[in-house]
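Since the structure comes first, as structure tokens, the remarks are kept for the end.
FYI, it's all coordinate maths here, none of it is from the lab. This is a predicted model, so every value here is computed, not measured. All Cβ positions, glycine included, derive from the backbone under ideal geometry; neighbour counts span all protein chains shown.
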Amino acid sequence: MNMKNEIKHLTKLASAVVIILFSILSYFNELYFAKEYWETLKDSLAYTIIIMGIYEKYLWRYDPFIKLPKLKENYSGIISYNYENEIREKDIKINIKQSLFFTYINVQTDEMHSATITSDIIEENGQYVLYYTYITNPDSKYSDTNPSQRGTCRLLIDNVNEIIGTYWTNRKTIGDLRLKSEKNSLNSY
């Protein structure tokens, strides 16, 4: 399901909720004048906006028509990267906040943390892939050797409990990520 399909689904759902709420409110209120119908419609729309906000943030996870992967909140793993022509590894922690339309990814290592600029989960060749761009914020003592940079990450989401991916940055660095959900992780990498 791509963003266009998600919006279409949410629009259909919101339309159904407006109609149902309008019908319920009309049943319990005697409507004689156009103004009363208008007020009831406005109330139905207001309640629908609240309900759809809650749906977009939380309830979409339980909708069987939404096939988007439901990511876990916390992952830990290993980042492999090339530094001074040597492959190195570092422990990494990732926190993900996901709603129907947005995915925010915060990464932490012992030297820096990064925050999402943009993100999207797309279906690519029958698999879901999370693409996101980010900016790093190094701790001050590492800012000379590891200055702030912008990058893009591609995470393959075959299994929401174990995610693998690659990244590349504006400083021409590249690397790989192997992540496991902290809730389902008994063994670390």
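Shape call for the stretch 127-188 from the C-alpha gyration tensor, a ≥ b ≥ c root eigenvalues: rounded (a/c under 1.5), prolate (a/b greater than b/c) or oblate?
Note, shape of the stretch 127-188 comes out oblate.
So how compact is the chain: Cα radius of gyration and Dmax in angstrom?
Both quantities, over Cα of the chain: 22.2, 79 Å.
With θ set to phi - 60° and the Karplus curve 6.51 cos²θ - 1.76 cosθ + 1.60, what are the ³J(HN,Hα) couplings of the stretch 75-85 in order, to the nearest whole Hz, using x for Gly and Pro?
Those phi angles translate into 10, 9, x, 10, 10, 9, 8, 9, 9, 6, 6 Hz.
Where does helix 3-28 land angle-wise versus the long Cα axis of the chain, in degrees 0 to 90, nearest 10?
30
Run the helix sum for the chain: -39,500 (n - 2.57) per DSSP H stretch of 4+ residues, divided by residue count, reported at 222 nm to the nearest 500 deg cm²/dmol. Write down the numbers at each step before the final one.
Working: 2 runs with 50 residues, N = 189.
Calculated at 222 nm, the ellipticity per residue is -9500 deg cm²/dmol.
If one takes the longest principal axis of the Cα atoms in the chain, at what angle in degrees, from 0 to 90 and to the nearest 10, does the Cα axis of helix 34-57 lie?
Helix 34-57 and the main axis of the chain meet at about 20 degrees.
Mind sorting VAL18, VAL107 by how few other Cβ atoms lie within 10 Å of their own Cβ, fewest first? Don't skip to the end; give the middle numbers.
Working: VAL18 18, VAL107 23.
Ascending Cβ contact count within 10 Å gives the list VAL18, VAL107.
Taking only Cα atoms and a 10 Å spring cutoff, compute GNM fluctuations for the chain and point out the largest among TYR37, TYR128, TYR104.
Taking springs between Cα atoms under 10 Å, the residue moving most is TYR37.
For the residues TRP168, TRP60, what sequence is obtained by ranking on other C-beta atoms within 10 Å, fewest first?
Details: TRP168 13, TRP60 21.
The most exposed by this proxy come first: TRP168, TRP60.
So what J values fall out for the stretch 132-140 if you push phi through Karplus, 6.51 cos²θ - 1.76 cosθ + 1.60 with θ = phi - 60°, rounded to Hz, Gly and Pro as x?
Couplings: 8, 9, 8, 10, 8, 10, x, 4, 4 Hz.
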